[in-house]
1. Considering only DSSP beta bridges whose two residues both sit in the chain, what percent are antiparallel, to the nearest 5?
2. Between Q174 and E15, what's the calculated FRET efficiency when r is the beta-carbon distance and R0 is 45 Å? Round to 0.05.
3. My understanding is that a pair violates if its Cα-Cα distance is over 32 Å; which of K44/K79; K133/K191; K9/K114; K9/K122; K79/K191 do that in this structure?
4. Could you list V220, V24, V10 in order of exposure, starting from the residue whose Cβ has the fewest other Cβ atoms within 10 Å?
5. Classify the range 77-191 as rounded, prolate or oblate from the Cα gyration tensor: take a ≥ b ≥ c as the square roots of its eigenvalues, call it rounded if a/c is under 1.5, otherwise prolate when a/b beats b/c and oblate if not.
6. If you take the square roots of the eigenvalues of the alpha-carbon gyration tensor of the range 1-120 and sort them as a ≥ b ≥ c, do you get rounded (a/c under 1.5), prolate (a/b over b/c) or oblate?
7. Based on alpha-carbon centroids, what's the gap between the range 1-58 and the range 191-225 in Å, whole number please?
8. Can you sort M69, M201 from fewest to most other Cβ atoms within 10 Å of each residue's own Cβ?
Amino acid sequence: MIRFQNVRKVYGTGEQALAALDDVTLHVPEGEIFGVLGQSGAGKSTLIRCVNLLERPTSGSVVVNGQEMTSLSPPELRKARQQIGIIFQHFNLLRSRTVAENIAFPLEVVGQPKAQRDTRVKELLSLVGLSDKINAYPSQLSGGQKQRVGIARALACEPKVLLSDEATSALDPQTTRSILDLLRDLNRRLKLTVLLITHEMTVVKHICDRVAVLRAGRVVEQGLVDELIVRP
Ligand code: ADP
Ligand code: ADP
C-alpha cells in the first residue's frame, strides 16, 4: 500500500518557489487500482516521482509497503525501489537490446545469474502475452507490444506496487483498452497494488477502484470511483 500524509513539494526558492504538491494526503489500499486524475501541470508526475523518491518531498510522509520512504538510507532506498515497478508513457525501452534483454535489465542490475534471468524472462513474457516476440527488437513492435514489454520489465523483480505514468497516453483507444485490461488482470492475479496517473477520465472509469482528483497541487476529491463518477 501507499500512504501520503501532508506531502508538500516545492520547486525553486524565494519568488520563484512553486508548490507542485500542496498538503497532499492519500491512501492507496493494498491490492487496489488507484487513479490520480488531473490536467497538465496539476502535479501528477511530481506525485508519482515522490512515491519512489525520484523527487524528495519538501515535507510530509510517504509510506510504501510499510516503510517510511523519506527516512531510508541510500542502500535501503535502492532495495525499497526494487519493490516498486514503474511503466512510462513512452515505454523507455533500450533500442539496442532485444525484448528479452530489456526485460532482463533490472534483474542484471540486482545481480541475478543468467540461467535464472532466462527462466524469469520467459515467465514474464507469458504473463503479458508476448512469448513469440522474445528475440524481437523494440523497433519491430507495435505501441501496445512495447508497453507489454515495459510492464514485463517493471514486474521483473516481483514488486508489490506498480506505478503507471500516463502508460496509455501514447496508444490508440483499442490498444489502450487491451493494456488496461492487462493491468486489471495482473492486479487480480498478482495482488498487485497499482497507482496510475492520467489526464483521461475514461482510463479511471475503465479500471480504477478509487480516484483522487488533483488540481494545482491539491487533492480536491478522493474516493471510490463508483461513488464519485457517474457511469453511463
Ligand atoms: P503534471 O504531471 O500533472 O503535468 P507536474 O508534476 O509535471 O504536473 O508539474 C507540476 C508543476 O510543477 C508545474 O507547474 C510544473 O511546471 C512544475 N515543475 C515540475 N517539475 C519541475 C522542476 N523539476 N522544477 C521546477 N518546476 C517543476
Ligand atoms: P536511465 O538512466 O535512462 O533511467 P537505466 O540504465 O537506469 O536508464 O535504466 C534503463 C531502463 O530500465 C529504464 O527505462 C528504467 O526504467 C528500467 N529499469 C531500471 N531498473 C528497473 C527496475 N528495478 N524495475 C523496472 N525497470 C527498471
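1. 50
2. 0.40
3. K9/K114; K9/K122
4. Listing V220, V24, V10 from fewest to most nearby Cβ atoms yields V220, V10, V24.
5. Judged from the Cα gyration tensor, the range 77-191 comes out oblate (a/c at least 1.5, b/c at or above a/b).
6. Note, shape of the range 1-120 comes out prolate.
7. That distance is 13 Å.
8. M201, M69
Laboratory data are not the source of any read-out in this text; all were calculated from the coordinates shown. Model, not experiment: these values are computed from the prediction. Neighbour counts are summed over all protein chains in view; Cβ atoms, including those assigned to glycine, are modelled from backbone coordinates with ideal geometry.
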